[in-house]
Amino acid sequence: MLSSLRKAALLLLTLFTALGFSGFIQAPEARAADALELYTPYVDWSAAPGETVSYSIELINHSSSTLTADITLDQGGNKWESVMTAGGRDISKLAVKPDESQTISLQLEVPLQVDKGRYTFTLRAGQAVLPLVIHVSEQGTFNTELNVDQANMEGYSDSSFTYSAVLRNRTSTTQTYALTAQAPGGWDVRFKSDGTSVTSVEVEPNTEKTISIEVKPAEMVQADTYTIPIAASSGDSMAQAELEAVITGTYGMELTTSNNLLSADIQSGGTRKLDFVVYNTGSAELQDLSFSANAPTGWEVSFSPSTITSIAPGESKPVQATIKSSNKSLAGDYVVSVTANSSAKSASADLRITVESSVLWGWIGVLIILAVVAGIYYLFRKFGRR
(Lines give C-alpha, C1' and ligand atoms only; values in the text may rest on other atoms or scores of the structure.)
Protein backbone atom coordinates (compact mmCIF):
# COMPACT_ATOMS: atom_id res chain seq x y z
CA MET A 1 0.00 0.00 0.00
CA LEU A 2 2.74 2.41 0.96
CA SER A 3 4.69 1.37 -2.09
CA SER A 4 1.70 2.06 -4.33
CA LEU A 5 1.29 5.56 -2.84
CA ARG A 6 4.95 6.32 -3.39
CA LYS A 7 4.73 5.24 -7.01
CA ALA A 8 1.65 7.42 -7.53
CA ALA A 9 3.30 10.41 -5.92
CA LEU A 10 6.41 9.90 -8.05
CA LEU A 11 4.28 9.71 -11.19
CA LEU A 12 2.44 12.93 -10.32
CA LEU A 13 5.71 14.69 -9.57
CA THR A 14 7.15 13.60 -12.88
CA LEU A 15 4.00 14.77 -14.70
CA PHE A 16 3.99 18.20 -13.02
CA THR A 17 7.69 18.60 -13.65
CA ALA A 18 7.27 17.78 -17.31
CA LEU A 19 4.35 20.16 -17.68
CA GLY A 20 6.15 22.93 -15.86
CA PHE A 21 9.31 22.53 -17.96
CA SER A 22 7.28 22.50 -21.16
CA GLY A 23 5.52 25.71 -20.14
CA PHE A 24 8.88 27.20 -19.24
CA ILE A 25 10.19 26.34 -22.71
CA GLN A 26 7.12 27.53 -24.68
CA ALA A 27 6.34 30.76 -22.77
CA PRO A 28 9.28 32.74 -24.16
CA GLU A 29 8.31 31.63 -27.66
CA ALA A 30 4.76 32.82 -27.12
CA ARG A 31 6.00 36.05 -25.60
CA ALA A 32 8.45 36.52 -28.47
CA ALA A 33 5.67 36.08 -30.98
CA ASP A 34 3.63 38.84 -29.33
CA ALA A 35 6.60 41.12 -28.58
CA LEU A 36 6.86 42.78 -32.04
CA GLU A 37 4.51 45.58 -32.98
CA LEU A 38 4.14 47.57 -36.23
CA TYR A 39 2.91 51.13 -35.78
CA THR A 40 2.11 54.12 -38.00
CA PRO A 41 -0.50 56.82 -37.32
CA TYR A 42 -1.53 56.99 -41.00
CA VAL A 43 -3.27 53.72 -41.77
CA ASP A 44 -6.02 55.11 -44.01
CA TRP A 45 -5.02 57.50 -46.82
CA SER A 46 -6.64 59.17 -49.82
CA ALA A 47 -4.58 59.62 -52.99
CA ALA A 48 -5.01 60.43 -56.67
CA PRO A 49 -3.77 58.34 -59.60
CA GLY A 50 -0.04 58.82 -60.14
CA GLU A 51 0.68 59.99 -56.59
CA THR A 52 3.27 58.46 -54.26
CA VAL A 53 2.04 57.45 -50.81
CA SER A 54 4.83 57.42 -48.22
CA TYR A 55 4.64 55.71 -44.82
CA SER A 56 6.99 55.93 -41.85
CA ILE A 57 6.42 52.75 -39.81
CA GLU A 58 7.92 51.78 -36.45
CA LEU A 59 8.83 48.15 -35.72
CA ILE A 60 8.82 48.01 -31.91
CA ASN A 61 10.36 45.22 -29.78
CA HIS A 62 8.58 44.93 -26.42
CA SER A 63 10.60 41.91 -25.24
CA SER A 64 13.81 41.67 -23.21
CA SER A 65 15.82 40.08 -26.03
CA THR A 66 16.82 41.01 -29.56
CA LEU A 67 14.30 39.81 -32.13
CA THR A 68 14.68 39.31 -35.89
CA ALA A 69 11.70 39.31 -38.27
CA ASP A 70 11.09 38.93 -42.00
CA ILE A 71 9.47 42.06 -43.49
CA THR A 72 6.90 41.46 -46.24
CA LEU A 73 4.15 43.41 -47.94
CA ASP A 74 1.00 41.64 -49.03
CA GLN A 75 -0.66 43.72 -51.79
CA GLY A 76 -3.79 41.60 -51.84
CA GLY A 77 -3.64 41.04 -55.58
CA ASN A 78 -2.72 44.65 -56.46
CA LYS A 79 0.30 45.24 -58.65
CA TRP A 80 1.52 48.59 -57.42
CA GLU A 81 5.15 49.65 -57.41
CA SER A 82 6.52 49.57 -53.85
CA VAL A 83 9.82 50.35 -52.15
CA MET A 84 10.60 49.31 -48.57
CA THR A 85 13.76 50.66 -46.95
CA ALA A 86 15.44 51.11 -43.57
CA GLY A 87 18.54 53.20 -43.09
CA GLY A 88 18.35 54.20 -46.74
CA ARG A 89 18.60 50.63 -48.11
CA ASP A 90 16.13 48.05 -49.34
CA ILE A 91 15.28 45.49 -46.68
CA SER A 92 13.60 42.09 -46.32
CA LYS A 93 14.58 41.32 -42.71
CA LEU A 94 15.16 43.50 -39.67
CA ALA A 95 16.61 42.99 -36.16
CA VAL A 96 15.44 45.08 -33.21
CA LYS A 97 17.12 45.33 -29.80
CA PRO A 98 15.10 44.87 -26.56
CA ASP A 99 12.73 47.75 -25.79
CA GLU A 100 13.81 49.63 -28.92
CA SER A 101 12.37 50.26 -32.38
CA GLN A 102 13.47 50.52 -35.99
CA THR A 103 11.93 52.78 -38.65
CA ILE A 104 10.72 51.28 -41.91
CA SER A 105 10.02 53.55 -44.89
CA LEU A 106 7.38 52.27 -47.28
CA GLN A 107 6.44 53.95 -50.56
CA LEU A 108 3.52 52.90 -52.72
CA GLU A 109 3.07 54.30 -56.24
CA VAL A 110 -0.60 54.72 -57.16
CA PRO A 111 -0.84 53.65 -60.82
CA LEU A 112 -1.98 56.20 -63.39
CA GLN A 113 -4.34 53.64 -64.88
CA VAL A 114 -6.35 52.61 -61.84
CA ASP A 115 -10.01 52.41 -60.89
CA LYS A 116 -11.47 54.67 -58.29
CA GLY A 117 -12.00 52.76 -55.02
CA ARG A 118 -10.56 51.27 -51.80
CA TYR A 119 -7.30 49.29 -51.84
CA THR A 120 -5.95 47.26 -48.88
CA PHE A 121 -2.34 46.27 -48.18
CA THR A 122 -0.86 44.28 -45.26
CA LEU A 123 2.63 44.79 -43.88
CA ARG A 124 4.04 41.87 -41.88
CA ALA A 125 7.04 41.64 -39.56
CA GLY A 126 7.15 38.09 -38.18
CA GLN A 127 3.79 37.67 -36.48
CA ALA A 128 3.14 41.45 -36.33
CA VAL A 129 0.55 42.65 -38.82
CA LEU A 130 -0.28 46.21 -39.97
CA PRO A 131 -3.26 46.73 -42.35
CA LEU A 132 -2.96 49.78 -44.65
CA VAL A 133 -5.81 51.28 -46.69
CA ILE A 134 -5.55 53.68 -49.66
CA HIS A 135 -8.64 55.30 -51.17
CA VAL A 136 -8.08 56.27 -54.83
CA SER A 137 -10.07 59.47 -55.15
CA GLU A 138 -10.65 59.49 -58.92
CA GLN A 139 -10.65 57.27 -61.95
CA GLY A 140 -7.13 56.93 -63.36
CA THR A 141 -6.10 57.24 -66.98
CA PHE A 142 -3.07 56.52 -69.15
CA ASN A 143 -3.15 59.33 -71.65
CA THR A 144 -2.25 62.92 -72.47
CA GLU A 145 -4.47 65.94 -71.90
CA LEU A 146 -4.30 69.28 -73.72
CA ASN A 147 -6.65 71.92 -72.33
CA VAL A 148 -6.95 75.52 -73.59
CA ASP A 149 -7.96 78.11 -70.99
CA GLN A 150 -9.84 80.37 -73.44
CA ALA A 151 -10.21 78.70 -76.80
CA ASN A 152 -12.34 81.42 -78.47
CA MET A 153 -10.98 84.92 -79.14
CA GLU A 154 -12.25 87.84 -81.20
CA GLY A 155 -10.39 90.63 -82.92
CA TYR A 156 -9.60 92.49 -86.11
CA SER A 157 -7.51 91.25 -88.99
CA ASP A 158 -4.30 92.88 -87.75
CA SER A 159 -4.78 91.61 -84.19
CA SER A 160 -2.55 88.97 -82.62
CA PHE A 161 -4.28 86.25 -80.61
CA THR A 162 -2.48 84.63 -77.65
CA TYR A 163 -3.94 81.44 -76.18
CA SER A 164 -2.78 79.62 -73.03
CA ALA A 165 -2.89 75.81 -72.88
CA VAL A 166 -1.93 73.22 -70.27
CA LEU A 167 -0.30 69.99 -71.49
CA ARG A 168 -0.65 67.22 -68.89
CA ASN A 169 1.27 63.92 -69.09
CA ARG A 170 -0.80 61.20 -67.42
CA THR A 171 1.43 58.36 -68.60
CA SER A 172 4.02 56.54 -66.50
CA THR A 173 7.05 57.72 -68.52
CA THR A 174 8.59 61.02 -69.58
CA GLN A 175 7.17 62.11 -72.92
CA THR A 176 8.56 64.42 -75.60
CA TYR A 177 5.60 65.98 -77.38
CA ALA A 178 5.77 67.44 -80.89
CA LEU A 179 3.56 70.54 -81.17
CA THR A 180 1.70 71.12 -84.43
CA ALA A 181 -1.06 73.38 -85.74
CA GLN A 182 -3.22 73.27 -88.87
CA ALA A 183 -3.81 76.94 -89.64
CA PRO A 184 -5.31 78.51 -92.79
CA GLY A 185 -2.88 79.63 -95.49
CA GLY A 186 -0.95 82.76 -94.61
CA TRP A 187 -1.57 82.48 -90.88
CA ASP A 188 1.38 82.35 -88.47
CA VAL A 189 1.16 80.07 -85.41
CA ARG A 190 3.96 79.87 -82.84
CA PHE A 191 4.21 77.73 -79.69
CA LYS A 192 6.09 79.13 -76.71
CA SER A 193 7.27 77.52 -73.46
CA ASP A 194 8.93 79.59 -70.73
CA GLY A 195 8.98 82.54 -73.13
CA THR A 196 10.91 80.68 -75.87
CA SER A 197 9.53 79.57 -79.22
CA VAL A 198 9.47 75.76 -79.39
CA THR A 199 8.32 72.96 -81.66
CA SER A 200 8.35 70.30 -78.93
CA VAL A 201 8.34 70.05 -75.12
CA GLU A 202 9.32 67.38 -72.60
CA VAL A 203 6.91 66.58 -69.78
CA GLU A 204 7.68 64.19 -66.92
CA PRO A 205 5.15 61.57 -65.72
CA ASN A 206 2.06 62.94 -63.99
CA THR A 207 3.20 66.55 -64.41
CA GLU A 208 2.01 69.39 -66.60
CA LYS A 209 3.48 72.25 -68.63
CA THR A 210 1.92 75.54 -69.65
CA ILE A 211 2.23 76.46 -73.31
CA SER A 212 1.26 79.71 -75.00
CA ILE A 213 0.12 79.76 -78.63
CA GLU A 214 0.50 83.01 -80.57
CA VAL A 215 -1.66 83.30 -83.70
CA LYS A 216 -1.38 86.06 -86.30
CA PRO A 217 -3.97 86.08 -89.11
CA ALA A 218 -3.07 86.41 -92.77
CA GLU A 219 -2.64 89.97 -94.03
CA MET A 220 -5.75 90.06 -96.25
CA VAL A 221 -7.98 87.81 -94.12
CA GLN A 222 -11.72 88.33 -94.44
CA ALA A 223 -14.15 88.72 -91.55
CA ASP A 224 -15.19 85.22 -90.48
CA THR A 225 -14.73 82.55 -87.79
CA TYR A 226 -11.61 80.41 -88.20
CA THR A 227 -10.83 77.12 -86.43
CA ILE A 228 -7.23 76.05 -85.86
CA PRO A 229 -6.66 72.44 -84.70
CA ILE A 230 -3.54 71.93 -82.54
CA ALA A 231 -1.97 68.70 -81.31
CA ALA A 232 0.70 67.44 -78.89
CA SER A 233 1.91 63.99 -79.89
CA SER A 234 4.57 61.53 -78.77
CA GLY A 235 5.26 57.92 -79.61
CA ASP A 236 2.95 56.71 -76.82
CA SER A 237 0.16 59.24 -76.61
CA MET A 238 -1.45 62.24 -78.29
CA ALA A 239 -3.84 65.01 -77.30
CA GLN A 240 -5.71 67.49 -79.49
CA ALA A 241 -7.54 70.77 -79.03
CA GLU A 242 -9.08 73.49 -81.19
CA LEU A 243 -8.50 77.24 -81.21
CA GLU A 244 -11.11 79.59 -82.59
CA ALA A 245 -10.35 83.08 -83.93
CA VAL A 246 -13.24 85.34 -84.83
CA ILE A 247 -12.19 88.07 -87.28
CA THR A 248 -14.71 90.89 -87.00
CA GLY A 249 -13.29 93.10 -89.76
CA THR A 250 -10.25 94.51 -91.52
CA TYR A 251 -8.62 97.89 -90.94
CA GLY A 252 -7.48 100.00 -93.87
CA MET A 253 -6.55 103.67 -94.06
CA GLU A 254 -5.17 105.94 -96.77
CA LEU A 255 -3.98 109.54 -96.36
CA THR A 256 -3.32 111.82 -99.33
CA THR A 257 -3.90 115.36 -100.51
CA SER A 258 -7.17 116.33 -102.14
CA ASN A 259 -5.46 116.64 -105.54
CA ASN A 260 -3.14 113.66 -104.96
CA LEU A 261 -0.07 115.89 -105.29
CA LEU A 262 2.56 115.42 -102.60
CA SER A 263 4.64 118.47 -103.35
CA ALA A 264 4.25 122.19 -102.67
CA ASP A 265 6.30 125.36 -102.38
CA ILE A 266 6.58 127.88 -99.61
CA GLN A 267 8.44 131.07 -98.85
CA SER A 268 11.05 131.10 -96.13
CA GLY A 269 9.14 132.04 -92.98
CA GLY A 270 5.92 131.72 -94.92
CA THR A 271 2.71 129.71 -94.39
CA ARG A 272 1.03 127.20 -96.68
CA LYS A 273 -2.32 125.44 -96.27
CA LEU A 274 -2.77 121.97 -97.76
CA ASP A 275 -6.00 119.98 -97.95
CA PHE A 276 -5.79 116.25 -97.06
CA VAL A 277 -8.33 113.44 -97.25
CA VAL A 278 -8.45 110.38 -94.95
CA TYR A 279 -10.01 107.30 -96.59
CA ASN A 280 -11.30 104.22 -94.71
CA THR A 281 -10.37 101.39 -97.09
CA GLY A 282 -11.18 98.55 -94.65
CA SER A 283 -14.34 96.80 -93.50
CA ALA A 284 -14.18 98.03 -89.89
CA GLU A 285 -14.90 101.51 -88.60
CA LEU A 286 -11.91 103.75 -87.84
CA GLN A 287 -12.23 105.50 -84.50
CA ASP A 288 -10.51 108.29 -82.55
CA LEU A 289 -8.28 109.66 -85.30
CA SER A 290 -5.58 112.21 -84.49
CA PHE A 291 -2.92 113.88 -86.64
CA SER A 292 0.77 114.55 -86.25
CA ALA A 293 3.68 115.72 -88.40
CA ASN A 294 7.43 115.34 -88.57
CA ALA A 295 8.87 118.59 -89.95
CA PRO A 296 12.30 120.28 -90.12
CA THR A 297 13.58 122.11 -87.05
CA GLY A 298 11.84 125.41 -86.50
CA TRP A 299 8.86 124.54 -88.68
CA GLU A 300 5.29 124.39 -87.36
CA VAL A 301 2.42 122.16 -88.53
CA SER A 302 -1.16 122.31 -87.26
CA PHE A 303 -4.36 120.53 -88.31
CA SER A 304 -8.00 121.48 -88.61
CA PRO A 305 -9.81 119.58 -87.28
CA SER A 306 -7.19 118.20 -84.90
CA THR A 307 -9.19 114.99 -84.30
CA ILE A 308 -11.89 112.96 -86.06
CA THR A 309 -14.25 110.80 -84.01
CA SER A 310 -14.85 108.07 -86.60
CA ILE A 311 -14.87 107.18 -90.29
CA ALA A 312 -17.21 104.45 -91.52
CA PRO A 313 -15.98 101.76 -93.94
CA GLY A 314 -15.79 103.12 -97.50
CA GLU A 315 -16.08 106.75 -96.40
CA SER A 316 -13.58 109.61 -96.20
CA LYS A 317 -13.18 112.88 -94.29
CA PRO A 318 -11.13 116.01 -95.01
CA VAL A 319 -8.49 117.63 -92.84
CA GLN A 320 -6.44 120.75 -93.51
CA ALA A 321 -2.77 121.08 -92.59
CA THR A 322 -1.21 124.49 -92.06
CA ILE A 323 2.56 124.46 -92.59
CA LYS A 324 4.76 127.34 -91.47
CA SER A 325 8.44 127.30 -92.43
CA SER A 326 11.23 128.72 -90.35
CA ASN A 327 12.55 132.22 -91.02
CA LYS A 328 16.00 130.67 -91.18
CA SER A 329 15.11 128.15 -93.88
CA LEU A 330 17.39 128.34 -96.89
CA ALA A 331 16.14 127.85 -100.39
CA GLY A 332 15.82 124.14 -101.24
CA ASP A 333 13.67 121.04 -100.83
CA TYR A 334 12.43 119.80 -97.44
CA VAL A 335 10.35 116.77 -96.38
CA VAL A 336 7.31 117.04 -94.10
CA SER A 337 5.71 113.72 -93.02
CA VAL A 338 2.03 113.88 -92.07
CA THR A 339 0.48 110.94 -90.15
CA ALA A 340 -3.12 110.02 -89.33
CA ASN A 341 -3.43 107.74 -86.29
CA SER A 342 -6.47 105.75 -85.16
CA SER A 343 -6.82 103.27 -82.31
CA ALA A 344 -6.12 100.38 -84.71
CA LYS A 345 -4.46 101.72 -87.85
CA SER A 346 -2.26 104.55 -89.11
CA ALA A 347 -1.32 106.04 -92.47
CA SER A 348 1.32 108.54 -93.53
CA ALA A 349 2.07 110.87 -96.45
CA ASP A 350 5.47 112.44 -97.19
CA LEU A 351 5.39 115.93 -98.70
CA ARG A 352 8.25 117.52 -100.63
CA ILE A 353 8.20 121.21 -99.74
CA THR A 354 10.33 123.59 -101.80
CA VAL A 355 11.44 126.77 -99.99
CA GLU A 356 11.78 129.75 -102.33
CA SER A 357 13.71 132.95 -101.63
CA SER A 358 11.61 135.91 -100.57
CA VAL A 359 10.76 138.48 -103.34
CA LEU A 360 11.61 141.25 -100.90
CA TRP A 361 15.16 140.04 -100.59
CA GLY A 362 15.31 139.92 -104.37
CA TRP A 363 14.35 143.55 -104.69
CA ILE A 364 16.79 144.47 -101.93
CA GLY A 365 19.52 142.72 -103.90
CA VAL A 366 18.59 144.62 -107.05
CA LEU A 367 18.67 147.93 -105.16
CA ILE A 368 22.08 147.13 -103.72
CA ILE A 369 23.40 146.35 -107.19
CA LEU A 370 21.95 149.61 -108.57
CA ALA A 371 23.46 151.53 -105.67
CA VAL A 372 26.89 150.03 -106.34
CA VAL A 373 26.64 150.83 -110.06
CA ALA A 374 25.55 154.39 -109.30
CA GLY A 375 28.45 154.83 -106.90
CA ILE A 376 30.98 153.63 -109.45
CA TYR A 377 29.49 155.95 -112.09
CA TYR A 378 29.71 158.90 -109.72
CA LEU A 379 33.33 158.24 -108.89
CA PHE A 380 34.18 157.81 -112.55
CA ARG A 381 32.57 161.13 -113.45
CA LYS A 382 34.18 162.95 -110.55
CA PHE A 383 37.73 161.71 -110.83
CA GLY A 384 37.80 160.78 -114.46
CA ARG A 385 38.17 164.45 -115.56
CA ARG A 386 41.43 164.93 -113.66
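The values are calculated or read from the model by the stated rules, or taken from the named source; none is laboratory data. Predicted model only: the values in this text are computed from it and were never measured. Ideal geometry is used to build each Cβ from the backbone, glycine not excepted, and the neighbour counts take in all protein chains shown. These area figures cover heavy atoms from the full protein model, side chains too; ligands, DNA and RNA do not enter into them. Shrake-Rupley method; radii C 1.70, N 1.55, O 1.52, S 1.80 Å.
From Cα pairs below 8 angstrom and at least 6 apart in sequence, can you work out the relative contact order of the stretch 221-347, rounded to a whole percent? Kindly include the intermediate steps, with their values, before the conclusion.
Details: 267 pairs, mean separation 33.6, N = 127.
Worked out over the stretch 221-347, it gives 26 percent.
If I compute solvent accessible area with a 1.4 Å probe over the protein chains, what percent of it on the chain is carbon and sulfur? Could you put the intermediate results ahead of the total?
Values: 11870 of 23000 Å².
Taking all protein chains in place, the chain shows 52 percent carbon and sulfur surface.
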ask   = Near Ala218, within a Cβ-to-Cβ distance under 11 Å, what is the net charge of the other residues, with Lys and Arg +1 and Asp and Glu -1?
value = -2
request  = Run the quick spin-label model on Asp288 and Asp99: label points 7 Å from Cα toward the beta carbon, then report their separation in nm to one decimal.
outcome  = 8.3 nm
request  = Over the chain, calculate the relative contact order: mean separation of alpha carbon pairs under 8 Å at least 6 apart, over the residue count, as a percent.
outcome  = 11 percent
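Is the shape of the chain best called rounded, prolate or oblate, per the rule: a/c under 1.5 gives rounded, else a/b larger than b/c gives prolate, else oblate, with a ≥ b ≥ c the square roots of the Cα gyration tensor eigenvalues? Working shown, then result.
Details: a/c = 7.06, a/b = 3.80, b/c = 1.86.
Cα axes put the chain in the prolate bin.
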note = Note, Ser237: beta-carbon cut-off 13 Å, +1 each Lys/Arg, -1 each Asp/Glu, net 0
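As a test of the formula, what do you get for the chain when each DSSP H run with n ≥ 4 contributes -39,500 (n - 2.57) and the sum is divided by the residue count, at 222 nm and rounded to the nearest 500 deg cm²/dmol? Provide the component values of the computation, followed by the final result.
Values: 2 runs with 59 residues, N = 386.
It comes out at -5500 deg cm²/dmol, rounded to the nearest 500.
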request  = Could you do me a favour and compute the accessible area per residue for the chain, 1.4 Å probe, result in Å²?
outcome  = 60 Å²
message = Once you keep just the Cα pairs under 8 angstrom separated by 6 or more residues, what percentage relative contact order results for the stretch 143-223?
response = 38 percent
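Which GluC sites (Glu not before Pro) does the stretch 263-345 hold that lie in a coil by DSSP with at most 14 other beta carbons within 10 Å? Write down the numbers at each step before the final one.
Working: sites: Glu285, Glu300, Glu315; in loops: Glu285, Glu315.
Within the stretch 263-345, the qualifying GluC sites (Glu not before Pro) (loop, at most 14 other Cβ atoms within 10 Å) are Glu315.
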key: Using θ = phi - 60° and Karplus 6.51 cos²θ - 1.76 cosθ + 1.60, couplings along the stretch 43-59 (whole Hz; Gly, Pro as x)   = 9, 9, 10, 10, 8, 9, x, x, 7, 10, 9, 10, 10, 10, 10, 9, 9
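Please report the net charge: other residues with Cβ closer than 11 Å to the Cβ of Thr120, K and R +1, D and E -1. Write out the running numbers ahead of the final one.
Details: positive: Arg118; negative: Asp44, Asp74.
Its environment carries a net charge of -1.
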ask   = Helix 359-383 sits at what angle to the longest principal axis of the chain, using alpha carbons and giving 0 to 90 degrees rounded to 10?
value = 40 degrees
ask   = Residue by residue through the stretch 342-353, which ³J(HN,Hα) values in whole Hz follow from phi under the Karplus form 6.51 cos²θ - 1.76 cosθ + 1.60 (θ = phi - 60°), with glycine and proline marked x?
value = 10, 5, 10, 8, 9, 8, 10, 9, 9, 9, 9, 9
request  = Considering only Val83, Val110, Val366, give the residue with the highest GNM mean-square fluctuation for the chain, with springs between Cα atoms whenever their separation is below 10 Å.
outcome  = Val366
